[in-house]
Amino acid sequence: MSSAVLYLAIVAVWAIVLVPMWLRRDTETTTITRLLHKRSDEAEAEEEAPEELPEPRPRRRTTRATVIARRRRRTTGLTTLVITAAVVVATGLVPWWTIMPPTILLAGHLALLRVAVGMDTARRLAAAHARAAEAHHHTAETVETTEPAEVIELVPADDVFDQYADDRRAVGE
């Protein structure tokens, strides 16, 4: 019974690793097909016209959201694996040491996440510094290209109307 559970755990771990690989194999098969066709063309005489291969689909750009989603899925899968292993060990179906591989995998994953967060922070800071430097350069360039303003000197007038003066007169008198 314990060997069956151990085999089941091995299958579960490999499924976690292999299923994403199987889902991404379309792009890899086109690369392998190209390599095989290239080798077969080199082996044959180059007198024949090479068979045109279809262009592979362009890879989608990896966005920050997809990276975070991938990290979240891995963390969830490894945590579920550790919890499952702990339950199986607690029921006494397998020896205690079977919880060690999933725990080590989860700890390594969390350590890599910690490094990745530091790298993401450094990348964001570098981008912010680059934007600030560009804005400063643009501002300095704008200041240099503008013409200085003309300063007009205001001369005080001697005949200033004072409404509280003793010799007040109406407008038009």
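What follows is calculated from the coordinates using simple rules that are stated; it is not laboratory data. Small disclaimer: the values here were computed from a predicted structure and weren't measured. Here the Cβ is made from the backbone with ideal geometry for all residues, glycine too, and neighbour counts use every protein chain on show.
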Rounded to the nearest 0.05, what FRET efficiency do residue 7 and residue 110 give with R0 = 30 Å and r taken as the Cβ-Cβ distance? Could you check? 0.65
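Using the Kirkwood formula on the Cα atoms of segment 75-117, what hydrodynamic radius do you get, in angstrom to one decimal?
Numbers: mean 1/r = 0.0928 Å⁻¹.
Over segment 75-117, the inverse of the mean reciprocal pair distance is 10.8 Å.
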Show me the ranking of peptides 86-95, 133-142 by mean Cβ neighbours inside 10 Å, starting with the highest. 86-95, 133-142
Of the listed peptides 57-66, 106-115, what is their order by residue-averaged count of other C-beta atoms within 10 Å, with the highest listed first? 106-115, 57-66
Give the span of segment 57-97's Cα atoms along each principal axis, as three whole-Å numbers ordered largest to smallest. 50, 19, 12
Which ³J(HN,Hα) values, rounded to whole Hz and listed in residue order, are derived for segment 122-138 from phi using the Karplus coefficients 6.51, -1.76 and 1.60 in 6.51 cos²θ - 1.76 cosθ + 1.60 with θ = phi - 60°, glycine and proline given as x? 5, 5, 5, 5, 5, 5, 5, 5, 5, 5, 5, 5, 5, 5, 5, 4, 5
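Gain in length, residue 60 to residue 136, computed as 0.36 nm per residue apart minus the alpha-carbon separation, to one decimal in nm?
Details: separation 76, 0.36 × 76 = 27.36 nm, distance 3.39 nm.
Computed gain between residue 60 and residue 136 is 24.0 nm.
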Taking the alpha-carbon centre of each part, the distance from segment 104-129 to segment 130-149 in Å is 35 Å
